[in-house]
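To start, the structure itself, in structure tokens.
What follows draws every value from the coordinates through simple rules; no lab data is involved. Predicted model, so just to flag it, every value in this text is computed and none were measured. Positions of Cβ are backbone-derived with ideal geometry, glycine not excepted, and every protein chain shown enters the neighbour counts.
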Amino acid sequence: MVDQARMAALAKEPLVVVGAPTSAFRGTWRELRDVFRQREMLGMLIRRDLKARYKDSALGFVWTLVRPLTQLMIYYFVMGKILGSAGAIDNFAIYVFTGLTAYTLFSEIVAGSTGSIVGNSGLIKKVYVPREVFPLASVGAALVNFAIQFGILLAATLVLRVFPWHEGIVYLIPSLLVILVYGAAIGLVLSALNVYLRDVQFVIDVGLMVLLWASPIVYSYSMVVDQLRVGWLLAIYTNNPLTLSVLGMQNAIWMHDPADVAYPSHLMLRLLVAFVIGLLLLIGAQRVFSRLQGNFAQEL
Amino acid sequence: MAISTPTVPSTPAPAQDRPDVIVIDDVRKRFTVRKDNTIRERIVTLGRAGRKHRQDFWALDGVTTTIRAGSTVGLIGQNGSGKSTLLKAIGGIIQPTSGTVSRRGRLAALLELGAGFHPDLSGRENVFLNASLLGLSRAETEARFDDILAFSGIGDFIDTQVKFYSSGMYVRLAFAVAVHTDPDVLLVDEVLAVGDEAFQRKCLDRIRSFQEQGKTIIIVTHSLSQVQEMCDRVVLLNKGKVLHDGDPIAAVSMFRDVLEERRSGELSADVAVGRGTVLGATVHADGKGPRDGVTPGDDLLVDMEFEHLDGVADWEAAVQINNTAGQVVYGTTTGIMGLHLEPLHGRRKLRLRIADTNFGTGKYFINVSMMDSAGRHLHDLPECDSFEVPSFGDAVGTVYAKPSIEELD
């Protein structure tokens with residue numbers, strides 16, 4: 001029969017306004033808390049993304065590695081051997097793979113989260129969950145792939161006896177944080193925009209390709225300094241957050257002779273500034289996202 | 001509807017001391033229909049021209065209502081009246097343009113069974129994923145997993161990928177997950193229309209036990225008999241506005257009026273109906289007064305009056321008897337009786353005799369229609385009269401027959 005205890009418990013709960021956009025700061029806080037409460041579901045979505053991607057393929061997770069390894073081969077032979085970059089850069093293979101690992105993390109976050117809302121439209125139209133979990137699940141899936149790739153990178157340094165055991169390793173965490181913050185901020189905004197304009201997912205393909213070549217991944221920063229003589233252009237190039245993180249990662253993982261490598265001054269400070277700006281952008285992105293998400297269900 | 005228990009829906013005892021679970025305050029929702037969907041088209045139609053490519057309509061227009069814990073509320077209305085939009089606004093899936101929806105307690109929305117099932121994952125993995133989307137933690141799901149599996153009847157297929165399931169298995173598993181979450185408020189949207197009869201019965205039984213436990217259920221359905229059977233309150237929506245809020249029986253009959261209005265509107269648009277009217281009809285049992293109770297064995301007499309101002313050569317008269325739940329319990333036309341009526345011009349009175357009736361206890365309504373030879377309704381007069389069959393105490397249902405028991409061995 002009617003459960004009186006349930007009624008009493010229910011009466012004590014506060015009436016909560018459903019999905020109302022409150023003030024900017026409190027809104028963000030509330031949504032963060034909602035997402036945190038849903039962390040178990042987030043974990044399950046990440047697992048679903050990863051499992052579903054390679055289900056029914058014989059090699060499964062190996063395919064995650066095929067793309068970056070192929071890229072590595074191409075760049076190593078074409079850029080390193082044929083075009084002769086390897087001569088100017090020590091341990092060219094490690095150098096390229098370090099940069100690629102950082103770049104792949106960024107591009108997977110952005111590409112994955114951009115498609116995440118549209119890809120989960122069936123869910124979004126039928127069940128209410130904080131919508132941020134879908135882009136965040138893509139971030140999580142990208143992180144898992146990154147971990148595998150990073151493991152291979154470390155294994156390679158062991159094999160080549162250039163394991164990065166030095167003070168430069170402190171750059172690793174700030175670089176990763178910068179990638180995460182910018183990737184998540186851009187991913188959040190683009191995932192929401194993609195609902196309204198499907199052109200977005202094609203734009204990012206192009207954008208990510210430009211970014212690959214706009215960071216010192218397959219060539220060295222010194223070459224850019226030599227070529228780009230205009231001060232403000234170099235400043236733009238250098239302060240691109242992805243460039244900063246790639247440089248940071250190389251500083252951390254790639255063993256080299258500091259004398260023949262150029263780095264921008266105060267790299268750590270630049271990374272920290274980029275991180276703080278990125279954090280502010282992320283909060284802004286979340287606001288944009290929550291403003292746009294009200295109409296998701298009807299636009300999809 | 002497969003199931004119809006003869007008992008009256010038991011309205012739970014005093015509801016005054018129960019908390020409100022959902023408060024809807026002047027909710028309005030505007031939908032904008034755009035005809036330009038790419039950047040190119042948007043730029044071309046920027047500014048004033050763009051407004052021509054937009055069309056606004058209000059799916060919800062000032063809906064205000066409060067729902068108390070433990071009640072079962074039916075949302076009815078014709079297609080496009082805003083039922084599903086209101087349900088989605090309650091569920092938080094869409095945000096109202098203005099106004100607020102507030103609620104308390106855990107909510108589960110069954111807007112579509114198996115939403116979030118991933119075809120490439122196994123049934124087991126999908127159960128966990130779906131349950132977490134409906135707000136269950138992993139530990140809670142694990143504790144209920146055996147129950148879910150038993151309820152679904154999937155058996156060993158639980159570790160097979162969902163894409164190999166038959167559609168019935170898919171729905172059973174999804175419903176099993178949904179009913180094993182323990183919500184305070186359950187939103188149901190036409191879910192019960194899927195599945196075979198046995199499955200529908202299972203669903204309805206579950207919903208009844210939810211009602212007994214004092215859970216709040218908000219249900220959107222087109223099945224009016226389901227509404228009358230299950231709901232203790234009905235909200236009738238029409239064009240985004242609340243037309244009626246309260247007693248289910250009154251709501252259903254109002255809804256019939258709305259449908260009738262629309263139908264006759266459509267009819268006059270595409271068929272030349274002419275000016276035919278059913279002027280009136282009365283019913284009484286042979287040898288009794290107009291308001292006397294009808295008992296088994298009585299002959300029913302339906303006196304009808306028709307009029308056609310333009311004259312109609314080939315026409316039929318039709319009589320239909322409904323019970324209070326709106327179900328047709330009897331119907332006949334002069335066409336299926338094999339009669340050919342004389343051409344009608346002006347007025348005419350006809351008497352229909354229904355011999356030796358055996359209606360069960362309850363109230364019945366008479367609907368009379370005038371139709372042309374193709375079966376199109378020229379005019380309907382719904383619920384123009386009613387009669388009542390008194391209670392006999394030894395049987396229920398729409399048909400009465402004397403029951404008795406004898407020992408067989």
Given a Förster radius of 51 Å and the C-beta distance between B:His340 and B:Asp146 as r, what FRET efficiency does 1/(1 + (r/R0)^6) yield to the nearest 0.05?
0.15
Find which of B:Ile148, B:Ile94, B:Asn130 sits farthest along the positive direction of the dipole of the range B:93-161, computed with +1 on the beta-carbon of Lys and Arg, -1 on that of Asp and Glu, about the Cα centre.
B:Ile94
Neighbour counts of other C-beta atoms within 10 Å: give me A:Val203, A:Val66, B:Val185, B:Val177 arranged from fewest to most.
A:Val66, A:Val203, B:Val185, B:Val177
Phi-derived 3J(HN,Hα) across the range A:118-134 with the Karplus relation (6.51, -1.76, 1.60, θ = phi - 60°), rounded Hz, x for Gly and Pro, is 5, x, 9, 4, x, 6, 5, 7, 10, 10, 8, 9, x, 5, 4, 5, 6
Output the relative contact order of chain A, whole-number percent, from Cα pairs under 8 angstrom with separation of 6+ residues.
26
What list of ³J(HN,Hα) values in whole Hz, one per residue of the range A:91-96 in order, does the Karplus curve 6.51 cos²θ - 1.76 cosθ + 1.60 (θ = phi - 60°) give from phi, with Gly and Pro shown as x?
6, 4, 4, 5, 4, 5
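Can you tell me the relative contact order of chain B? Whole percent, Cα pairs under 8 Å, sequence separation 6 or more.
15
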Violations at 32 Å Cα threshold for listed pairs A:Lys55/B:Lys215; A:Lys55/B:Lys202; A:Lys12/B:Lys88 -> A:Lys55/B:Lys215; A:Lys55/B:Lys202
Ranked by how many other beta carbons lie within 10 Å on average, peptides B:308-316, A:172-180, B:18-26 from highest:
A:172-180, B:18-26, B:308-316
Shielding of B:86-93 by partner chains, average beta-carbon count, 10 Å:
5
Under the rule rounded for a/c under 1.5, else prolate if a/b exceeds b/c, else oblate, using alpha carbon gyration tensor axes a ≥ b ≥ c, the range B:359-409 is classed as oblate
Once both labels are modelled 7 Å past Cα along the beta-carbon direction, what's the A:Ile277-B:Phe31 spacing in nm?
4.4
For A:Lys51, go through the lysines and keep the ones whose alpha-carbon is under 19 Å away, minus same-chain ones fewer than eight residues off.
B:Lys163
Hey, if you put +1 on the Cβ of every Lys and Arg and -1 on every Asp and Glu Cβ in the protein assembly as shown, which of B:Ile158, A:Gly207, B:His284 ends up farthest toward the positive end of that dipole?
A:Gly207
Placing each pseudo-label 7 Å from Cα in the direction of the beta carbon, B:Ala139 and B:Glu305 end up separated by a distance in nanometres of 7.6
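About the Cα centre of the range B:311-354, what is the dipole size in debye to 20, counting +1 per Lys and Arg Cβ and -1 per Asp and Glu Cβ, all else neutral?
That gives the range B:311-354 a dipole magnitude of about 260 debye.
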Among A:Tyr76, A:Gly248, A:Tyr103, the residue whose Cα sits farthest towards the positive end of the charge dipole of chain A (+1 at Cβ of Lys and Arg, -1 at Cβ of Asp and Glu, taken about the Cα centre) is A:Tyr103
Neighbours of B:Arg28 by Cβ distance under 11 Å: Lys/Arg at +1, Asp/Glu at -1, summed charge 0
Straight-line reach from B:Lys402: which lysines fall under 21 Å, measuring Cα to Cα and dropping same-chain residues less than 8 apart?
B:Lys363
If you place +1 on the Cβ of every Lys and Arg and -1 on the Cβ of every Asp and Glu, how big does the dipole about the Cα centre of the protein assembly as shown come out, in debye to the nearest 20?
3060
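Can you give the extra length, in nm with one decimal, that the chain gains between B:Ala395 and B:Phe57 once fully stretched, where that is 0.36 nm per residue apart less the Cα-Cα distance?
Here the segment from B:Ala395 to B:Phe57 would lengthen by 116.6 nm.
Taking beta carbons within 10 Å but only from partner chains, what does the mean come to for residues B:326-339?
For peptide B:326-339, the averaged partner shielding equals 0.
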Obtain the nm distance between the two label points defined at A:Arg291 and B:Ala250 by a simple spin-label model: each point lies 7 Å from its Cα along the Cα-to-C-beta direction.
4.6
Ranking of A:Arg48, B:Arg353, A:Arg6, B:Arg262 by count of other Cβ atoms within 10 Å, fewest first:
B:Arg353, B:Arg262, A:Arg6, A:Arg48
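If each residue of separation counts as 0.36 nm, what is the full-extension length gain between B:Gln327 and B:Glu260 once their alpha-carbon separation is subtracted? Write down the numbers at each step before the final one.
Details: separation 67, 0.36 × 67 = 24.12 nm, distance 1.62 nm.
Full-extension gain reported as 22.5 nm.
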Dipole magnitude of chain A about its Cα centre, charges +1 at Lys/Arg Cβ and -1 at Asp/Glu Cβ only, in debye to the nearest 20?
880
When Cβ neighbours within 10 Å are restricted to other protein chains, what is their mean count per residue of peptide A:117-128?
5
Can you grab the distance from the C-alpha centre of the range A:175-226 to the C-alpha centre of the range B:271-320, Å, no decimals?
77
Assuming 0.36 nm per residue, please report the length gained on full extension of the stretch A:Arg33 to A:Met268 beyond their Cα-Cα distance.
81.5 nm
Would you please give the FRET efficiency between A:Ala58 and A:Val203, computed as 1/(1 + (r/R0)^6) with r the Cβ-Cβ distance and R0 = 25 Å, to the nearest 0.05?
0.15
Could you give me the ³J(HN,Hα) list for the range A:243-254, computed from phi with Karplus coefficients 6.51, -1.76, 1.60 and θ = phi - 60°, whole Hz, x at Gly and Pro?
4, 4, 5, 4, 4, x, 4, 5, 4, 7, 9, 8
Amide H contacts under 5 Å for B:Val329, placed H, 5+ residues apart:
B:Ile321, B:Asn322, B:Asn323
If packing is taken as the mean number of other Cβ atoms within 10 Å per residue, what is the order of B:392-402, B:290-300, B:90-100, highest first?
B:90-100, B:290-300, B:392-402
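Assuming a ≥ b ≥ c are the square roots of the Cα gyration tensor eigenvalues, decide whether chain B counts as rounded (a/c under 1.5), prolate (otherwise, with a/b larger than b/c) or oblate.
Oblate, because a/c is 1.5 or more while a/b does not exceed b/c.
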